[in-house]
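Below is one structure; the comments refer to it alone.
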Amino acid sequence: MGIIAWIIIGLLAGVIAKALMPGKDPGGIIITMLIGIVGGLLGGWLGKVIFGVDSIDGFFDLSTWIAAVVGSLILLALYRVVTGNRRSHRHA
């Protein structure tokens with residue numbers, strides 16, 4: 001898949017991850033998009049390393065989308081943990 005396809009999958013995976021994990025995030029829509037793009041790549045890499053499968057088969061394959069959304073969910077959770085700890089220390 002080309003870089004444009006990855007960007008599109010990442011953007012949509014970020015939106016799906018945000019819908020699955022609602023709540024207030026310190027970042028805006030740009031951060032959510034970046035998390036989606038990087039999360040898509042992370043999900044594909046984790047699928048290959050952990051399960052030994054090529055989860056990056058094509059744009060319309062379900063495994064590609066699942067890997068991208070799972071990677072985005074992981075990054076979104078990590079982002080909330082990191083930025084949540086920073087915010088609580090600032091106000092203390």
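The values are calculated or read from the model by the stated rules, or taken from the named source; none is laboratory data. Small disclaimer: the values here were computed from a predicted structure and weren't measured. Virtual Cβ from ideal backbone geometry, glycine too; neighbours counted across all protein chains shown. Protein only, heavy atoms only, side chains kept; ligands, DNA and RNA dropped before computing areas. Shrake-Rupley method; radii C 1.70, N 1.55, O 1.52, S 1.80 Å.
Can you pull out every residue in region 13-30 that is within 25 Å of L62 (Cα to Cα) and in contact (Cβ under 8 Å) with a residue 12 or more places away in the chain?
Within region 13-30, A13, G14, V15, I16, A17, K18, L20, M21 qualify.
How many residues does region 1-50 contain that are under 12 Å from the mean Cα position of the chain (by Cα) and not hydrophobic (A, V, I, L, M, F, W, C)?
Result for region 1-50: 9.
Within region 1-13, which residues are at pLDDT 85 or above and open to solvent by less than 20 Å² (accessible area, probe 1.4 Å)?
The one that is at pLDDT 85 or above and open to solvent by less than 20 Å² (accessible area, probe 1.4 Å): A13.
Could you list, in sequence order, all residues of region 30-62 that are out of contact with any Ser or Thr (no Cβ under 9 Å at 6 or more places or on another chain), open to solvent by 60 Å² or more (accessible area, probe 1.4 Å) and modelled with pLDDT under 75?
F51, G52, F60
With the requirement that a residue be modelled with pLDDT of 70 or more and surrounded by fewer than 16 Cβ atoms within 10 Å (Cβ to Cβ), what does region 63-92 give you?
If the condition is that a residue be modelled with pLDDT of 70 or more and surrounded by fewer than 16 Cβ atoms within 10 Å (Cβ to Cβ), then I66, A77, L78, V81, V82, T83, G84 are the ones that fit.
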